[in-house]
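All remarks here apply to the structure that follows.
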Amino acid sequence: MSQPETMTIDTLARLILQRDRAALARALNLLDDRRAAARARAKELLELLQLAPNRVSGHLVGITGPPGVGKSTLSAALIQVWRRRNQHVGVLAVDPSSPVSGGALLGDRLRLQAAGDDDGVFIRSLSSRGHYGGLSAEVWPMAVLMHSAFDIVLIETVGVGQREIDISRLCDTTCFVAQPGSGDSIQSLKAGILEVPHILVVNKSDMGDIAVRAQSELESALVGDQSNARWAVPVLTTSATLGEGISDLADSIEKHHFFLSKEQLLAARRRECQAYWIVCRLREEFGEQGIERLGGHAKLTSELRSSQSSLFEQHDALRQRVM
Amino acid sequence: MEEKKTHRDRPWLMRTYSGHSSARASNELYRTNLGRGQTGLSVAFDLPTQTGYDSDHPLARGEVGKVGVPIDHIGDMEALFHQIPLEQMNTSMTINATAPWLLALYIAVAEQQGVDPKSLQGTTQNDVLKEYLSRGTYIFPPGPSVRLTTDLITYTVQHIPKWNPTNICSYHLQEAGATPTQELAYALSSASAILDAVRASGQIPADRFQDVVGRISFFVNAGIRFVEETCKMRAFCALWDELTRSRYGVQDSKKRRFRYGVQVNSLGLTESQPENNVQRIVLEMLAVTLSKNARARAIQLPAWNEALGLPRPWDQQWALRMQQVLALETDLLEYGDLLDGSPVIQTKVDELVAGARKEIAEIEVRGGMVACIESGYVKRELVQSHTRRLRAIETGELSIVGVNCFRESAQSPLTAGDESGILTVDATVEQSQVSALLAFRAERSQQRVDNALIALRGAAESGLNIMPPSIDCARAGVTTGEWSDQLRQVFGEYRAPTGVDISKAAAPEASEIASLRARVQRTGEELGRPLRLLIGKPGLDGHSNGAEQIAVKGRDAGFEIVYEGIRLTPAQIARAAQEEGAHLIGLSILSGSHLELVEAIHHELDRIGAADVPLVIGGIIPQADAEKLKSKGLKAVFTPKDVDMNVIMDQMVTIIREANGLQPAA
């Protein structure tokens, strides 16, 4: 990890495709590394992985919701269902960081509840590092990397109101977990602040009546919003602590994946995510002016959507153009 | 000279918290202590016994016989009380998650000695709620834990009337950082949570409920601010009287009395100039003896060298002698309450009572003590208070002699010599305990064991009182691990909130933090990404204060901290370090099992190809062991002597720089 990299990128890529844990850890460190030499290696690595012929056609799943709603316990329970279905799971868990020190407290209980000593699960925590939307810039490249090794990549993030948008732009399937008894999420859904996720989950169904009420409120909030969509957003109830409703949730997630594949939306969706990420980074670095210089948001996005190049290659090419 | 003999009050019960290595060795120690005038026993169990594992379980490795005596089965319990007549003994057992089991073994041994269990006297700590907040020897989720606690209480009230079934502990809350107000509020809220559960269980007829209330006792801490601590004890008495009357309608004033035992503060004992701990301990003892109306029923004192390692019999004898001098030589016990009518004392008591009432109401609003433990509220409050205390020591606002002032010292003759002033547990203890366990298992009737376990499981599932089938298990030769495993299968296991997610600015900071933060950030930039520190608590030791405070400080210094709580295996720690890309692993171990655990973690890191991640350790590590660990590649050893966490953090940055080929001093 700490020594100068001696392994060739080819070897690293090959090991990642074999789900070698040490190689995965090394590659995630590399994607996190902001130094120029590391960035060049990372670019090469992602190119190899994104263009690899035998890559797993995995599934990127996002789970978000307000703090205290039980996302970690729910994620842990989901991971166990997936493991029983013999799927390998990579997890990116995003926690907020301190605006003062930049420091963060990561991890907590997810790994122990979910994985134990299971080699089929790999969990990496990330701090939001002050980024808008609560997701750090590293999330997407890391998801792309993990996607080369795991059947399912789960991105867990704290989301409140506006901040839930980001994650939904970077996943195939977004699950929003709502807290029974708090009207906040329902209000923002109604007001159109919250982009409609693909699956709505009311966790803590063991709370009884208020959970049922939350479910029906969410269902009614969705009416009218789904008129022209081919995917009907399900509203599920779960109890992560009692392990209830978890298989149904896993089924719904799988159903959505199936829907995307059947409608041939999956590849386009991934390019959409990549385009979104690149535009965000460019805006961060060069502001609106930079985007304008590249022909404006609409033109840039459509250009990115149709391109087949790898992530950092696209990004770097556009940076060159602005500069 | 007057002839008339002065009246003296009867002294409190004098105990020494002890037990180590094996049942046989501990039995010898107990008999010696009783011979020296100790009037009760206080049994310390080792961590596997406290957390429900047999001595041959992988998690027990390195922990057997370390912080107490290992009790695997009735044979060990018999050996522990060999030639100690139980009907004359008053035995306190520091046992919580497995309390019903250890009491069951005690009852079964009494039967073997021909003693009627009705006559037994003593205490089971049996307060799991505080284990979620401090100390960490819980097993099951809070709901089932409260149920087990309740079962033990209702059983003893009906069958062992002189037993104290639970000792609600504010002791460990103070160790975890609680202020006197928090100690009052959390202990009393825990007591009402338990009493409410007993009442709701329907096992006790309404007219006998006040007997239950009368059996509830407390285990309290006394810190160095002994005037305030005295007032705290008086506040406890007042609040308990009020609570038992208003909430539970107890008419008999005797049953409303606040009965408590004490272990004085260990948190404030220092590793530097450890001889000063003697005067600290004596002053703290005053806090719980001065006022007759709020005097402790039983006292155990720590040994002067607790922060160095395990105390020897001589160290414990010294602690006992302190009690004897106060009780027998001084005139304290010849007077009535010394503080009654003092306006200064009364003002302070009133202030504490008011503060506690406010916090009790806050807990009530948040759904009661159990809900506040599950949500992490209480734990966060404690971490916050402890952070505040440590910052006050760092800034010098709080003086600790020999630590942040008057540090110059002559060489102490007490810590010189071959054993460096502490007890070392013989490394072969674990091996012989395990072979004895294997032999015991081979000899018992498996059929009988299986039947007893089926009955135990049935009671756990159906809600029948857990004590009768547990006593049957004890008689049948069931082991501690087997008893616990049955209940684990029914109730599940639990991980408590770590509480480290407190918000920033809990306390004013020393000025050093700014330069530290800059160095953390700069080093992160040089290495390409923010510095990551994995804090691991391996083994069964649940004393997590140190780990929590390092987590909070690290976050505030700009580290990305990965901390996943207590009781991790070496494999889990190594795996997390790799997955998370940690730049450094910081371990925290206080149980004395550091040599075994560090070796196991080195081995795991090596096995998964992460041997290049540097490792440091903090805890109660004797000097000789520290040298041994360093020679095996450990980069640094921090002990209670290292009080300035900014310095610790700074050293960690240096180690990271070194490990990554950067100029270390920069």
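The values are calculated or read from the model by the stated rules, or taken from the named source; none is laboratory data. Keep in mind that what you see is a predicted model, and the values were worked out from it rather than measured. We place every Cβ from the backbone using ideal geometry, glycine too, and count neighbours over all the protein chains shown. To get the accessible areas, we keep the full protein, side chains included, count just its heavy atoms, and leave off ligands, DNA and RNA. Shrake-Rupley method; radii C 1.70, N 1.55, O 1.52, S 1.80 Å.
For chain B, the relative contact order comes to 16 percent (Cα pairs under 8 Å, sequence separation of at least 6).
The slack between B:ARG10 and B:ARG257, meaning 0.36 nm per residue of separation minus the straight C-alpha distance, is 87.2 nm.
Partner lysines whose Cα lies under 30 Å from the Cα of A:LYS71, excluding those fewer than 8 positions away in the same chain, are identified as A:LYS190, A:LYS204, A:LYS255, A:LYS262, B:LYS130, B:LYS379, B:LYS504, B:LYS537, B:LYS553.
Rounded to the nearest Hz, the phi-derived 3J(HN,Hα) couplings of region B:208-213 under the Karplus curve 6.51 cos²θ - 1.76 cosθ + 1.60 (θ = phi - 60°) are 9, 4, 5, 5, 4, 4, where x marks glycine and proline.
Based on the alpha-carbon gyration tensor of region A:1-55 and its eigenvalue square roots a ≥ b ≥ c, which shape applies: rounded if a/c is under 1.5, prolate if not and a/b is larger than b/c, or oblate? It is oblate, given that a/c is not under 1.5 and a/b is not larger than b/c. A simple spin-label model places the labels of B:GLN83 and A:GLN18 6.5 nm from each other, with each point 7 Å out along Cα-to-Cβ.
A Cβ-based charge dipole, computed about the Cα centre of the protein assembly as shown with Lys and Arg at +1 and Asp and Glu at -1, lands at about 900 debye.
Between B and A, buried accessible area from a 1.4 angstrom probe totals roughly 3200 Å², ignoring ligands, DNA and RNA.
With an a/c value of 1.5 or above and a/b larger than b/c for the gyration tensor axes a ≥ b ≥ c computed over the alpha-carbon atoms, the protein assembly as shown is described as prolate. Placing unit charges on the Cβ atoms only, positive for Lys and Arg and negative for Asp and Glu, gives region A:264-323 a dipole magnitude near 180 debye about its Cα centre.
Just the protein heavy atoms count here, and of the accessible area of the protein assembly as shown at 1.4 Å, carbon and sulfur take up 51 percent. The trypsin sites (Lys or Arg not before Pro) of region A:230-323 that DSSP puts in a loop, and whose beta carbon has at most 10 other beta carbons within 10 Å, are A:ARG230.
Dividing the C-alpha radius of gyration of region B:83-197 by 2.2 N^0.38 Å, with N its residue count, gives 1.11. Please label the shape of region A:264-323 as rounded, prolate or oblate, based on the square roots a ≥ b ≥ c of the eigenvalues of the alpha-carbon gyration tensor (a/c under 1.5 means rounded; beyond that, a/b larger than b/c means prolate, else oblate). Because a/c hits 1.5 or more and a/b exceeds b/c, region A:264-323 counts as prolate. Between B:GLU658 and B:SER515, what FRET efficiency comes out of the Förster formula 1/(1 + (r/R0)^6) with R0 = 25 Å and r the beta carbon distance, rounded to 0.05? The computed FRET efficiency comes out at 0.85. For peptide A:17-23, the mean count of partner chain Cβ atoms within 10 Å of a residue's Cβ comes to 2.
In this rough spin-label picture, where each label sits 7 Å from Cα along the Cβ direction, the A:ASP119-B:ASN293 distance is 7.0 nm. Take the alpha carbon atoms of region B:355-400, find their center, do the same for region A:73-124, and report the distance between the two centers in whole angstrom. Result: 29 Å between the Cα centres.
Do you know the relative contact order of region B:450-504, to the nearest whole percent, from alpha carbon pairs under 8 angstrom that are 6+ apart? Across region B:450-504, relative contact order equals 38 percent. Listed by chain and number, the aspartates and glutamates whose alpha-carbon sits under 12 Å from that of B:LYS5, ignoring those within fewer than 8 places in the same chain, are B:GLU334. Each part reduced to its alpha carbon centroid, region B:598-666 and region B:228-275 end up 41 Å apart. Protein heavy-atom accessible surface, 1.4 Å probe, per residue over chain A: 42 Å².
Can you figure out the FRET efficiency of A:ILE210 with B:ARG225, using R₀ = 45 Å and their beta-carbon distance, to the nearest 0.05? The formula returns an efficiency of 0.50 here. Taken over the Cα atoms of chain A, the convex hull encloses 144 Å³ per residue.
Counted over all Cα-Cα pairs of chain B, pairs farther apart than 39 Å make up 31 percent. Computed from the Cβ-Cβ distance with R0 of 56 Å, the FRET efficiency linking B:GLU275 to B:ARG448 stands at 0.55. Compute the accessible area of each residue in region B:570-592 twice, once for its chain alone and once with every protein chain present, using a 1.4 Å probe on heavy atoms, and list those whose area falls by at least 40 Å². Going by heavy-atom accessible area, the residues of region B:570-592 that drop by at least 40 Å² are B:GLN572, B:ARG575, B:GLN578, B:GLU579, B:GLU580. How big is region B:13-405 by the Kirkwood estimate over distinct Cα pairs, in Å? Taking every pair of different Cα atoms in region B:13-405, averaging 1/r and inverting gives 21.5 Å. Counting, for every residue in B:546-559, the Cβ atoms of other protein chains within 10 Å of its Cβ and taking the mean gives 3.
Probing with 1.4 Å while keeping every protein chain in the model, the per residue accessible area of chain B equals 37 Å².
The aspartates and glutamates whose alpha-carbon is closer than 12 Å to the alpha-carbon of B:LYS641, local same-chain residues fewer than 8 away aside, are B:GLU271. Taking label positions 7 Å along the Cα-Cβ direction at both A:ARG34 and B:GLU408, the computed distance is 4.7 nm, reported to one decimal.
Our coupling estimate for region B:251-256, obtained by passing each phi through the Karplus curve with A = 6.51, B = -1.76, C = 1.60 and θ = phi - 60°, is 8, 5, 5, 4, 7, 9 Hz, Gly and Pro reported as x. Based on C-alpha pairs under 8 angstrom that are at least 6 apart in sequence, region B:27-150 has a relative contact order of 25 percent. Segment B:LEU328..B:ARG247, full-extension length gain: 25.2 nm, with 0.36 nm per residue of separation and the alpha-carbon distance subtracted.
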